[in-house]
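Scroll down for the structure; my scribbles are underneath it.
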Amino acid sequence: MTPIAPEPGAADPDAPHPEAPAVDFDTICHLGLRALRDGRLETAVEMFQTAIGLRPGDAAALCKLGVAYRSLNRLEDALAC
């Protein structure tokens, strides 16, 4: 069976949506801070982990991740930051 080729000019289904906002380090950190402030600690951890994935070794993001872990009483994870 021959695979069906996409129509010329058809959108790539794996391409990001053209109206999707760009995700950058500063935005992710800001969202993490808001989550931390609002007590959404698991979300804060996820945001700071994402930020660190974008900018490995960033001291501010690592520190904020440590604060989020400490707030969750995950002391060993906090110390690892």
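The values are calculated or read from the model by the stated rules, or taken from the named source; none is laboratory data. All values reported here derive from a predicted model rather than from experimental measurement. Because the Cβ atoms are built from the backbone with ideal geometry, glycine has one as well, and the counts that use them run over all protein chains shown.
For the stretch 55-81, give me the residue count where each residue is part of a helix (DSSP H, G or I) and either among the small types (G, A, S) or at pLDDT below 95 (or both).
8
Which pairs turn up if I take residues in the stretch 56-81 that are surrounded by 15 or more Cβ atoms within 10 Å (Cβ to Cβ) and look for partners that are part of a loop (DSSP other than H, G, I, E, B) with beta carbon separation below 6 Å, at least 6 apart in sequence or on another chain?
Final answer for the pair search is L62/C81; L65/C81; G66/C81.
For the stretch 33-42, give me each residue that is assigned to a helix (DSSP H, G or I) and out of contact with any Leu (no Cβ under 8 Å at 6 or more places or on another chain).
Once the filter is applied, which keeps residues that are assigned to a helix (DSSP H, G or I) and out of contact with any Leu (no Cβ under 8 Å at 6 or more places or on another chain), the stretch 33-42 yields L33, R34, L36, R37.
One residue is enough: does the stretch 11-18 have a residue meeting the conditions surrounded by fewer than 16 Cβ atoms within 10 Å (Cβ to Cβ) and modelled with pLDDT of 95 or more?
No, the stretch 11-18 has no match at all.
May I ask you to verify whether A22 is modelled with pLDDT under 95 and of a type outside the set (S, T, N, Q)?
Answer is yes for this residue.
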